[in-house]
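Trainee: This structure is in structure tokens; I'll ask about it shortly.
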């Protein structure tokens, strides 16, 4: 408590909040990097755990914080840090088959962060997080089609449908974690709207 009070005196409440947001964004960028290292090689797109942390970044940090965390993740990867799946790193990854998914991370975190706190029902939580996953794979499949495979059917099959079961497992995990840590511990007066959800802080 003394430490936190000292930080507030030194930086001021608004600056302290910004520092907290940056810290939380860095934590989820790191978790996404760790998730990327839990992967099963597959062509053209590997199976990974990183998308779980993408949607959780939006869920816990809100639209601004989730977007910030994914942009930080991409910047680190572009700078050459080994944060992507496999040994790949650097700007060359953004010309490869996984680039659409990586760009979709930003959109997914923003959409989940901007929607999940609007209602507290189980169905809304599932819909919000499912939308995030769908955005990632829609962006990835479109990228594969336009720049590599040039066949929508094959692109959707290889870039989306093949991951369906694995991502249903991650969807269930994300929903369970979010509801256990946020929804069940958040007091609310309206059962359909979570007015106390902090959209831009952890």
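The values are calculated or read from the model by the stated rules, or taken from the named source; none is laboratory data. This is a predicted model, so every value here is computed, not measured. All Cβ positions, even for glycine, are placed from backbone atoms using ideal geometry, and neighbour counts span all protein chains on display.
Trainee: Given the structure, is residue 111 over 26 Å from residue 178 (Cβ atoms), modelled with pLDDT of 95 or more and in contact with a helix residue (DSSP H, G or I) (Cβ under 8 Å, 6 or more places away or on another chain)?
Mentor: no
Trainee: Quick check on region 33-41. Is at least one of its residues at pLDDT 95 or above, in a helix (DSSP H, G or I) and touching a strand residue (DSSP E or B) at 6+ places or on another chain (Cβ under 7 Å)?
Mentor: Checking region 33-41: at least one residue is at pLDDT 95 or above, in a helix (DSSP H, G or I) and touching a strand residue (DSSP E or B) at 6+ places or on another chain (Cβ under 7 Å).
Trainee: For region 56-81: of the residues being closer than 27 Å to residue 149 by Cβ and surrounded by fewer than 24 Cβ atoms within 10 Å (Cβ to Cβ), which is nearest to the chain's Cα centre (by Cα)?
Mentor: This residue is 74.
Trainee: Between a residue in region 77-93 that is on the phi > 0 side of the Ramachandran plot and touching a residue at least 12 places away in the same chain (Cβ under 8 Å) and any residue that is part of a loop (DSSP other than H, G, I, E, B) and surrounded by fewer than 13 Cβ atoms within 10 Å (Cβ to Cβ), which pairs come within a Cβ distance under 8 Å, given they are 6 or more apart or on different chains?
Mentor: If the second residue must be part of a loop (DSSP other than H, G, I, E, B) and surrounded by fewer than 13 Cβ atoms within 10 Å (Cβ to Cβ), the pairs left are 86/41; 90/79; 90/80.
Let's see how each residue does on (1) modelled with pLDDT of 95 or more; (2) buried (at least 18 other Cβ atoms within 10 Å of the Cβ); (3) more than 14 Å from residue 52 (Cα to Cα):
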| site | (1), (2), (3) |
| --- | --- |
| 128 | yes, yes, no |
| 136 | yes, yes, no |
| 141 | yes, yes, yes |
| 146 | yes, no, yes |
| 169 | yes, no, no |
